[in-house]
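Undergrad: Below: one structure in structure tokens.
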Amino acid sequence: MDFKFDIIIDNLPYLLKASLVTIKITAISFVFALIIAIVIGVIRTNKIPKFLAVILTGYMEIFRGSPLLVQLFFIYYGLPSIGIVMDCDTAAVIGLALNSGAYMSEIVRAAILSVDRGQGEAAFSFGFTRLQTVWHIILPQAVKVSVPPLMNAFSGLLKDSSLVSIIAITELTRSGNLIYSRTYRPFEIYLTLGILYIIMTYSVSLFSYYIERRNRAWSP
């Protein structure tokens, strides 16, 4: 096979620029997903009204039980039919955040439940409110437990971000498709895309390992 390096070299700046778009969308979506996960995770570790439990369960079942691709189509193409219109970047962030938040909330919930209940009771005996106990006592310890799975969730979100190419966002995957339609060289283009995704996800893994080492160093 005639492997053409010039295809990669000529289009690499364009792909690197698209990679930055992918990282930006992933990072913003992850921040919102983490907020959703913390709120839902904290709420679900407490006794809540039945109607609220039904709402949260419904949200999680919908976004965990349907494909992300369908969710993105619904948000970007379906909601305008009832008057809810948004640009493609906003639709992508909302779709990714809601989908990932549904999964990450279970990570946060499990991390909170892993903290000894006696510590919360001790905090109450010292006059801490429930919110102060969660913020100052429980969450700092839960963070240490949840870092590895949350970093895995970030890696998954990074790869899932390739699906936003279907709503006309020129991120890495869509850029590769556009180059392929112009050059008709799928092997070189998609090989390069795969390598770039591997580099990004491996960087996340290294960062996760660094945080784990710091946590172990500061643990008693």
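The values are calculated or read from the model by the stated rules, or taken from the named source; none is laboratory data. Bear in mind the structure is a predicted one, so any value in this text is a computation, not a measurement. Positions of Cβ are backbone-derived with ideal geometry, glycine not excepted, and every protein chain shown enters the neighbour counts.
Undergrad: Considering segment 139-168 alone, what residues qualify as being crowded, with 21+ Cβ neighbours inside 10 Å and modelled with pLDDT under 90?
TA: Selection gives A142, S146.
Undergrad: Now a separate question. I'd like the residue in segment 149-202 that is basic (K, R) and touching a residue at least 60 places away in the same chain (Cβ under 8 Å) and, out of all such residues, is farthest from T26 (Cα to Cα).
TA: As a first pass, look at segment 149-202 and keep what is basic (K, R): 159, 174, 182, 185.
Remaining after also requiring touching a residue at least 60 places away in the same chain (Cβ under 8 Å): 174, 185.
Values: R174: 15, R185: 28 Å.
Out of the qualifying residues, it is R185.
Undergrad: Could you tell me which residue of segment 49-99 is farthest from the chain's Cα centre (by Cα), considering only residues that are more than 22 Å from I166 (Cβ to Cβ) and surrounded by 13 or more Cβ atoms within 10 Å (Cβ to Cβ)?
TA: Step one: list which residues in segment 49-99 are more than 22 Å from I166 (Cβ to Cβ), which gives 49-61, 83.
Okay, now just the ones that are also surrounded by 13 or more Cβ atoms within 10 Å (Cβ to Cβ), so 53, 56, 59-60.
Details: A53: 23, L56: 19, Y59: 16, M60: 15 Å.
Filtering segment 49-99 for residues that are more than 22 Å from I166 (Cβ to Cβ) and surrounded by 13 or more Cβ atoms within 10 Å (Cβ to Cβ), the one farthest from the chain's Cα centre (by Cα) comes out as A53.
Undergrad: If A102 passes every condition in (1) farther than 30 Å from L15 by Cβ; (2) surrounded by 15 or more Cβ atoms within 10 Å (Cβ to Cβ); (3) at pLDDT below 90 but one, which one does it miss?
TA: (3)
Undergrad: Let me ask something else about it. Could you tell me whether any residue of segment 24-46 is of a type in the set (S, T, N, Q), surrounded by 17 or more Cβ atoms within 10 Å (Cβ to Cβ), in contact with a helix residue (DSSP H, G or I) (Cβ under 9 Å, 6 or more places away or on another chain) and modelled with pLDDT of 95 or more? Outline the logic, then answer.
TA: Within segment 24-46, the subset of a type in the set (S, T, N, Q) is 26, 29, 45-46.
Next cut, surrounded by 17 or more Cβ atoms within 10 Å (Cβ to Cβ) only: 26, 29, 45.
Applying the additional criterion that residues be in contact with a helix residue (DSSP H, G or I) (Cβ under 9 Å, 6 or more places away or on another chain) yields 26, 29, 45.
With the extra rule that they be modelled with pLDDT of 95 or more, the set shrinks to 26, 29.
Scanning segment 24-46, I find at least one residue that is of a type in the set (S, T, N, Q), surrounded by 17 or more Cβ atoms within 10 Å (Cβ to Cβ), in contact with a helix residue (DSSP H, G or I) (Cβ under 9 Å, 6 or more places away or on another chain) and modelled with pLDDT of 95 or more, so the answer is yes.
Undergrad: Out of (1) at pLDDT 85 or above; (2) surrounded by 18 or more Cβ atoms within 10 Å (Cβ to Cβ), what's the single condition that is false for V134?
TA: (1)
Undergrad: Quick check on A33: is it under 20 Å from the mean Cα position of the chain (by Cα) and of a type outside the set (D, E)? Explain how you work it out, then say what you get.
TA: Working: under 20 Å from the mean Cα position of the chain (by Cα): yes; of a type outside the set (D, E): yes.
Judged against the criteria, A33 is a match.
Undergrad: For segment 79-129, which positions are acidic (D, E) and under 20 Å from F63 (Cβ atoms)? If you could, list the steps in order and put the result at the bottom.
TA: So the first thing to find is which residues in segment 79-129 are acidic (D, E), and the list is 87, 89, 106, 116, 121.
Answer for segment 79-129, where residues must be acidic (D, E) and under 20 Å from F63 (Cβ atoms): D89, E106.
Undergrad: Where in segment 67-185 are there helices (runs of 4 or more DSSP H), lying fully within it, with 1 or more residues that are closer than 22 Å to S19 by Cβ?
TA: Numbers: elements: 68-73, 88-113, 117-125, 130-133, 139-160, 172-183.
Helices (runs of 4 or more DSSP H) meeting the threshold: 68-73, 88-113, 139-160, 172-183.
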